[in-house]
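K.L.:
This is the structure I want to talk about, given as structure tokens.
The values are calculated or read from the model by the stated rules, or taken from the named source; none is laboratory data. Worth saying up front: this structure is predicted, and the values here are computed from it rather than measured. Positions of Cβ are backbone-derived with ideal geometry, glycine not excepted, and every protein chain shown enters the neighbour counts.
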Amino acid sequence: MNLIIDIGNTRIKIAVFNSDELIYNEVITKKEFVNVTLNLIEKFNCKNAIISSVGILKKNEKDKIKAKINVIELNSDTKTPFINNYGTPKTLGVDRIALVAAAVLKYKNKNVLIIDAGTCITFDFVTKDKKYLGGAISPGIEMRYKSLNTFTEKLPLLNAEEGSIELIGTSTETSIHSGVINGVISEIDSVIDKYRKKNKDLTIVLTGGDVNFLSNKLKNSIFANPIFLLEGLNSILTYNLQ
């Protein structure tokens, strides 16, 4: 059994895989991390783990886990199943590394564009011959709402809402919703269109915290996969254990 740990800025995603099959996952707080992790190691008899961290985890917390299980900490030097042609590989986020690994594993011999809609919206492109070329980073939905409130005197702080988003806002609130949500949808669809013009047989994967909110709003056909990053981390762990 493989233990997968994805440490974000505020929350931690933790999962257990049996080979390529996800058998358990949950989202926990940093205060719960050590106790939950140790319990899962014992419950599922996990032998190997991978930690991907964009947040900060105390050294003593890592040491408690490492005392119980073989751990790989994902970084730019970790062996991956793709060729990294990023211009500054040392600065490539571990989350993006994991997503590209998942694309190479699940969509063999395909050109893949991975769109991760979370705190930021990232676009990552990997070719059918496993060459990662790079992509783009853009503000996510929540960040856009917060920026309008932070950098103006009178605009309120809103959150994304389910339901119809009108093109023409008839109040300050509906105008903000129109600008943020229609802007994000138009941006993603436009980027997909540009990639499709340059790459035949392009597979599009949408993942991240806003995947369910966005998946039925895009005009382009996509594969929506909320656990794509976890699958990528598991594939990197397996690759390094071979």
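K.L.:
Within the group 202, 241, which residue is hydrophobic (A, V, I, L, M, F, W, C), modelled with pLDDT under 95, on the phi < 0 side of the Ramachandran plot and surrounded by fewer than 20 Cβ atoms within 10 Å (Cβ to Cβ)?
P.N.:
Being hydrophobic (A, V, I, L, M, F, W, C), modelled with pLDDT under 95, on the phi < 0 side of the Ramachandran plot and surrounded by fewer than 20 Cβ atoms within 10 Å (Cβ to Cβ) holds for just one of 202, 241, which is 241.
K.L.:
Is there a residue being over 26 Å from residue 227 (Cβ atoms) and over 22 Å from the mean Cα position of the chain (by Cα) anywhere in the range 67-78?
P.N.:
Within the range 67-78, one or more residues are over 26 Å from residue 227 (Cβ atoms) and over 22 Å from the mean Cα position of the chain (by Cα).
K.L.:
If I filter the range 54-65 down to residues being closer than 17 Å to residue 15 by Cβ and touching a helix residue (DSSP H, G or I) at 6+ places or on another chain (Cβ under 7 Å), which single residue comes out as surrounded by the fewest Cβ atoms within 10 Å (Cβ to Cβ)?
P.N.:
Filtering the range 54-65 for residues closer than 17 Å to residue 15 by Cβ gives 54-55, 57, 65.
Narrowing further to those that are touching a helix residue (DSSP H, G or I) at 6+ places or on another chain (Cβ under 7 Å): 54, 65.
Working: 54: 12, 65: 19.
Ranking the qualifying residues of the range 54-65, first place goes to 54.
K.L.:
Given the structure, is residue 29 exposed (fewer than 12 other Cβ atoms within 10 Å of the Cβ), touching a Ser or Thr at 6+ places or on another chain (Cβ under 9 Å), among the polar types (S, T, N, Q) and in contact (Cβ under 8 Å) with a residue 40 or more places away in the chain?
P.N.:
When the stated conditions are applied, residue 29 does not pass them.
K.L.:
May I pose another question? Given the criterion free of Cβ contacts under 8 Å to residues at least 40 places away in the same chain and surrounded by fewer than 19 Cβ atoms within 10 Å (Cβ to Cβ), identify the matching residue among 79, 47, 90, 13. Explain how you work it out, then say what you get.
P.N.:
Working: 79 fails: free of Cβ contacts under 8 Å to residues at least 40 places away in the same chain; 47 fails: free of Cβ contacts under 8 Å to residues at least 40 places away in the same chain; 13 fails: free of Cβ contacts under 8 Å to residues at least 40 places away in the same chain.
None of the others qualify; the one that does is 90.
K.L.:
Can you tell which of 154, 146 is in a helix (DSSP H, G or I), farther than 29 Å from residue 104 by Cβ and of a type in the set (D, E, K, R)?
P.N.:
146
K.L.:
A follow-up question, please. Looking only at the range 165-194, filter to residues that are closer than 18 Å to residue 118 by Cβ and of a type outside the set (Val, Ile, Thr); which one of those is surrounded by the fewest Cβ atoms within 10 Å (Cβ to Cβ)?
P.N.:
Per the criteria, the residue is 183.
K.L.:
Within the range 165-172, is even one residue in contact (Cβ under 8 Å) with a residue 12 or more places away in the chain and in contact with a Leu (Cβ under 8 Å, 6 or more places away or on another chain)?
P.N.:
Within the range 165-172, one or more residues are in contact (Cβ under 8 Å) with a residue 12 or more places away in the chain and in contact with a Leu (Cβ under 8 Å, 6 or more places away or on another chain).
K.L.:
Select the strands (runs of 3 or more DSSP E) contained entirely in the range 40-133, then report the ones holding at least 1 residues which are within 19 Å of residue 7 (Cα to Cα) and modelled with pLDDT under 95.
P.N.:
48-53, 70-73, 120-126
K.L.:
May I ask you to verify whether residue 162 is surrounded by 17 or more Cβ atoms within 10 Å (Cβ to Cβ) and charged (D, E, K, R)?
P.N.:
No; evaluated as a whole, the condition is false for this residue.
K.L.:
Let me ask something else. Mind checking which residues of the range 1-30 are in contact with an Asp or Glu (Cβ under 8 Å, 6 or more places away or on another chain) and in a loop (DSSP other than H, G, I, E, B)?
P.N.:
Once the filter is applied, which keeps residues that are in contact with an Asp or Glu (Cβ under 8 Å, 6 or more places away or on another chain) and in a loop (DSSP other than H, G, I, E, B), the range 1-30 yields only 20.
K.L.:
Okay, next question. Residue 160 versus (1) under 12 Å from residue 115 (Cα atoms); (2) modelled with pLDDT under 95: which is the lone unmet condition?
P.N.:
Unmet for residue 160, out of (1) under 12 Å from residue 115 (Cα atoms); (2) modelled with pLDDT under 95: (1).
K.L.:
Select the helices (runs of 4 or more DSSP H) contained entirely in the range 161-230, then report the ones holding at least 1 residues which are under 20 Å from the mean Cα position of the chain (by Cα).
P.N.:
Counting at least 1 such residues, we get 183-198, 211-214.
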